[in-house]
Amino acid sequence: MTAIATPASPASRRRPAWFLPVVSLGGVAAYYLLLRFVFGIGEGTALQQVANALSTGAIYALVALGYTMVYGIIELINFAHGDVFMVGAFVSLFFLVQVLGNTGLTAPITNLPVLLLLIGAALLVTMPLIGLLNVGIERFFYRPLRNAPRLAPLITAIGVSFILQNIALVIAGSGDESSPQIFPIRDWRLSIGEITIPYLSLFVFALAMVLMVLLQTFVGRTRLGRAMRSTAQDREAAALMGVDLNQTIALTFLLGGALAGAAGVVWGLTYGYVRSDLGFNAGLKAFTSAVLGGIGNITGAVLGGFIIGFVEVFATTLGQTRWSQFVVFVVLALVLVFRPAGILGQQVGERA
Amino acid sequence: MTDANLLDARRVTKRFGGLVAVNGIDFTIPERSIVSLIGPNGAGKTTFFNIIAGIYDPTAGAIRFRGRQMIARTHRAFLEPFLWVGPAAVMALVAAGAGLARAPVTAVVALGFVALLLLIVMLLGAVARPLWYRRLLVRAGIFRSSRPNDMVEAGLGRTFQNIRLFHNMTALENVLVGMHCRLKANWWDAMLSTPKDRAEEARAEIRARELLHLVGLRDRDGELAKNLPYGDQRRLEVARALGSDPALLLLDEPTAGMNPRETQEMMALINKLRTELGLTILLIEHDMKVVMGISDRVTVLDHGEKIAEGTPDEVRRNPRVVEAYLGAPAA
């Protein structure tokens, strides 16, 4: 389900680089065949659901990366991260409404360069802003508690989550705020014979993939990425080797927030609404993804995000939308019974 | 004190509650010497070592390192967030005021926009800490403490008693982390993979391989640290410490758990570091053969106090030292 080939920290058993992409592709194919022949879903619907799952999974994966990176570096489950994503969706919404209002463009924009420019601008505004929001949260709420017992920052994170949620409630009210769906979902479709898939799903998937590969390269290949990985493994030793902890941790929050911002933009494009309690649900799923994939592991978070996306869409496809949460958490429980550290997670002993 | 001393600790005291772990120790390390710190268990060696490394603040006393006062404690560092929120908040207030005074909408929006921009620039500064931001901090009277990473930047490298490598990184990457504070690439350099960044990374890699070669880990650079044999891990720690190009190297029991042959090799390596790289070395060691074999000077601690100091021969004959080690001859 993901094309990322180089895990940030090589797993204890070295797998060849093609292993994950091939297994993922196989998984997607199996999923399609399952829908098609076991559950008797029509060819068109089944393909559409696969595309749907790819874009849903991409959003969860982007948010899950923020959870997993922060956990990896300071062992904090940042419960506020889902709400950071929600703020991202709102920022993108306000930006798009402003631009559309001032330029006289109307919602589905069928001019491709203008559309790409607009989405690019939304990303360019939202990602840094949300990244910096995350840095600010770290600076004010988590850094003073860095040496406190682990429960203190955890409770603080829940508090921050409520603060963000309530600020959004005050500003935007409690209902659905409709976000301009500038991407023409109904008109722009990829047709394969008589089957059509919205290009939007593919666009979302591709965008998420590009961001994840960039992240992977940054963490795996650069000086600051090395600093992040060393801090994640042994914070004190990293400091004693000259790594500036404050800067490294702030950078982690910046990256995690920026990805959540991108997820917010994508959310608005895909679902066309934003609401103040969005962060709770999406955050929960993203957190589940991170745990499922092995929290602290970047590739794992991406994998987990896509798995959750596929499982959820699966429930919806069978007409059991109400049961989607149930299925998601049953899958989580089952995986954790057999692999307590998550799919790609390392067993605890190896960290020490 | 003379300039020939690389490190100069004066009356350093550390109390943990009622316990005086280190009591008024004067300690100097001359340039290009090998100095050992010994003493029975619980003598305060490690505490003293950690004070020098910047982990603990001493309760009293001063440390000069390369002529620089190193214990500059956190001084109004908590004001930093106000620096980045403050100007933006003022701008936003002005904008709000202008709005109330019914100024033209575009003016209010422009002011708000500038406030937002200011906030973003200041926050990015706080994350990346470029030079202009640090100057601004100093101008505003906000100083950072001398934390461990600042000591490393000042030229102090160390190894650990119980090996603390980054186990899931390769040997080469471990050394590159050691070089972290000597590399300058910003996150945008890294992200855009600028020529400057690529050249720097290439140079760093060459240097890291040289260091691995120096400690005798040639051809092991792609190996994960946790897969290296014990003796090699100790050597990798030395290479990692050398990465930051230190003037003073602190070695915390470098031969602990080694067999006699490995110990010999480590002693040869320590001597080589001094002669070839011109390093000054501070050693904590339990193995008296090592201590007496390579030290220029030995300092003995007991119950947090300095009980003897001098050449290995002088220390060996000192009755207080013999007594501290329960009469065991310091072979």
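Read-outs throughout are calculated quantities, based only on the coordinates presented, and are distinct from any laboratory measurement. As the structure is a computational prediction, the values presented were derived from the model and not from experiment. When we count neighbours, we look across all protein chains shown, and the Cβ atoms used for this are built from the backbone with ideal geometry, even at glycine.
Give the average, rounded to an integer, of partner chain Cβ atoms located within 10 angstrom of each Cβ in A:228-239.
Values: counts 0, 5, 11, 2, 2, 8, 5, 0, 4, 10, 6, 9.
Taking the mean over all residues of the peptide, I get 5.
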message = Given an 8 Å cut-off on Cα distances and at least 6 residues of separation, report the relative contact order of chain B as a percent.
response = 24 percent
query = From the Cα gyration tensor of region B:141-243, with a ≥ b ≥ c the square roots of its eigenvalues, which class applies: rounded if a/c is under 1.5, or else prolate if a/b is larger than b/c, or else oblate?
reply = oblate
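Peptides B:112-118, A:245-251: what's the order by average Cβ count within 10 Å, highest mean first? List each step's numbers first, then the result.
Values: B:112-118: 16.1, A:245-251: 22.1.
Listed from highest to lowest mean packing, they are A:245-251, B:112-118.
Using the Kirkwood formula on the Cα atoms of chain B, what hydrodynamic radius do you get, in angstrom to one decimal?
22.7 Å
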inquiry  = Highest mean first, how do A:110-116, A:63-69, A:294-300, A:80-86 rank when packing is the count of other Cβ atoms within 10 Å averaged over residues?
reply    = A:63-69, A:80-86, A:294-300, A:110-116
note = Shape call for region A:33-118, from the Cα gyration tensor axes a ≥ b ≥ c (a/c under 1.5 means rounded, otherwise prolate when a/b beats b/c, else oblate), comes out oblate
inquiry  = Given the options B:Q264, A:I343, B:T280, identify the residue whose Cα lies farthest towards the positive end of the charge dipole of the protein assembly as shown (+1 on Cβ of Lys, Arg; -1 on Cβ of Asp, Glu).
reply    = B:T280
key: Taking region B:163-269 and dividing mean pair separation by its residue count, relative contact order in percent (alpha carbons under 8 Å, at least six apart)   = 38 percent
query = Against the longest principal axis of chain B, how steep is helix B:260-277, in degrees 0 to 90 to the nearest 10, with axes from Cα atoms?
reply = 60 degrees
key: Cα point-scatterer Debye curve for region B:221-275, base-10 log of I(q)/I(0) at q = 0.14, 0.16, 0.30 Å⁻¹   = -0.38, -0.50, -1.34
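For the pair B:R10 and B:A89, what calculated FRET efficiency results from E = 1/(1 + (r/R0)^6), where r is the Cβ-Cβ distance and R0 = 41 Å, to the nearest 0.05? Let's see the in-between values first.
On the way: r = 44 Å, r/R0 = 1.07.
Calculated transfer efficiency: 0.40.
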ask   = What ranking, highest mean first, results for peptides B:242-254, A:157-169 when packing means the other Cβ atoms within 10 Å averaged over each residue?
value = B:242-254, A:157-169
message = Given contacts defined as C-alpha pairs under 8 Å and at least six residues apart, what's the relative contact order of region A:19-351, whole-number percent?
response = 34 percent
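What is the gain in length, in nm to one decimal, between A:F338 and A:A152 on full extension, counting 0.36 nm per residue of separation less the C-alpha to C-alpha distance? Before the final figure, lay out the partial values.
Values: separation 186, 0.36 × 186 = 66.96 nm, distance 3.04 nm.
Net length gain for the segment: 63.9 nm.
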task = For the protein assembly as shown, just list the percent of Cα-Cα distances falling in each 10 Å bin from zero outward, please.
result = 3, 13, 22, 22, 17, 12, 7, 3, 1, 0
Among A:L117, A:L202, A:L76, residue whose mean-square fluctuation peaks in a GNM of chain A (springs only between Cα atoms under 10 Å) = A:L117
ask   = Just going by the charge dipole of the protein assembly as shown, with Lys and Arg at +1 and Asp and Glu at -1 on Cβ, which of A:F85, A:T103, B:L79 is farthest out on the positive end?
value = B:L79
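Which of A:F314, A:F253 comes first, and how do the rest follow, when ranked by fewest Cβ neighbours within 10 Å?
On the way: A:F314 20, A:F253 29.
Least to most surrounded, the residues fall as A:F314, A:F253.
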ask   = In degrees between 0 and 90, to the nearest 10, how far off the longest principal axis of chain B does helix B:105-128 point, with axes built from Cα atoms?
value = 10 degrees
remark   = Once both label points are put 7 Å beyond Cα along the C-beta direction, the A:Q320-B:A103 separation in nm becomes 6.1 nm
query = B:R66 versus B:T275, label points 7 Å from Cα toward the beta carbon: distance in nm?
reply = 2.6 nm
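If you place +1 on the Cβ of every Lys and Arg, -1 on the Cβ of every Asp and Glu, and leave all else neutral, what size is the dipole of the protein assembly as shown about its Cα centre, to the nearest 20 Debye? Write down the numbers at each step before the final one.
Working: 62 positive and 49 negative charges, 127 e Å.
It works out to roughly 600 debye.
How large is the dipole of region A:19-351 about the Cα centre if only Lys and Arg carry +1 and Asp and Glu carry -1, each at its Cβ, rounded to the nearest 20 debye? Display every interim value, and only then the final one.
Numbers: 17 positive and 14 negative charges, 103 e Å.
The calculated dipole for region A:19-351 is roughly 500 debye.
Kindly point out which whole DSSP H helices in chain A project their C-alpha atoms 15 angstrom or further along the helix axis while averaging a Kyte-Doolittle hydropathy of -0.5 or above.
Working: long enough: A:19-33 (21 Å, 1.64); A:43-74 (46 Å, 0.99); A:81-103 (33 Å, 1.34); A:112-137 (37 Å, 2.35); A:151-172 (31 Å, 2.07); A:199-221 (32 Å, 1.92); A:223-233 (16 Å, -0.87); A:245-271 (38 Å, 1.27); A:278-293 (23 Å, 1.03); A:298-317 (29 Å, 1.73); A:324-338 (22 Å, 2.83).
The answer, listed by residue number, is A:19-33, A:43-74, A:81-103, A:112-137, A:151-172, A:199-221, A:245-271, A:278-293, A:298-317, A:324-338.
Would you mind classifying region A:239-352 by shape? Square roots of the alpha carbon gyration tensor eigenvalues, ordered a ≥ b ≥ c; an a/c under 1.5 is rounded, otherwise it is prolate if a/b is larger than b/c and oblate if not.
Oblate is the answer for region A:239-352, as a/c is 1.5 or above yet b/c matches or exceeds a/b.
Which value results when the Cα radius of gyration for region A:19-351 is divided by 2.2 N^0.38 Å? If you can, show how the numbers build up before the last one.
Numbers: Rg = 19.8 Å, N = 333, 2.2 N^0.38 = 20.0 Å.
Computed over Cα atoms of region A:19-351, the ratio equals 0.99.
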ask   = Lys/Arg Cβ at +1, Asp/Glu Cβ at -1, dipole of the protein assembly as shown taken about the Cα centre: which of A:P180, A:L76, B:M292 is farthest positive-ward?
value = B:M292
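Would you mind giving the mean number of other chain beta-carbons within 10 Å of the Cβ of each residue in A:255-264, as a whole number? Let's see the in-between values first.
Numbers: counts 1, 0, 0, 0, 0, 0, 0, 0, 0, 0.
The mean count of partner-chain Cβ atoms within 10 Å per residue comes to 0.
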task = Express in nm, to one decimal, how much length is gained between A:W18 and A:D187 on full extension, taking 0.36 nm for each residue of separation and deducting their alpha carbon distance.
result = 57.2 nm
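Could you pull out the longest piece of chain A with no exposed loop trypsin sites (Lys or Arg not before Pro) in it, calling a site exposed if DSSP puts it outside H, G, I, E, B and it has at most 12 other Cβ atoms within 10 Å?
Longest gap between qualifying sites, sites excluded: A:187-352.
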remark   = In a Gaussian network model of chain B with springs linking alpha carbons closer than 10 Å, the residue among B:V105, B:V291, B:V35 that fluctuates most is B:V105
inquiry  = Looking at chain B as a GNM with Cα springs under 10 Å, which of B:M258, B:M292, B:M91 has the largest mean-square fluctuation?
reply    = B:M91
remark   = For region B:77-139, using Cα atoms only, the Rg and Dmax in Å read 13.6, 40
request  = Treating the Cα atoms of region A:121-205 as identical point scatterers in vacuum, please give the log10 of the normalised Debye intensity I(q)/I(0) at q = 0.11, 0.17, 0.23 Å⁻¹, two decimals.
outcome  = -0.57, -0.91, -1.14
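Mind checking A:129-140 for the average number of partner chain beta-carbons within 10 Å of each residue's beta-carbon?
On the way: counts 4, 0, 4, 8, 1, 0, 5, 6, 0, 1, 7, 2.
Across A:129-140, the average partner-chain Cβ count within 10 Å equals 3.
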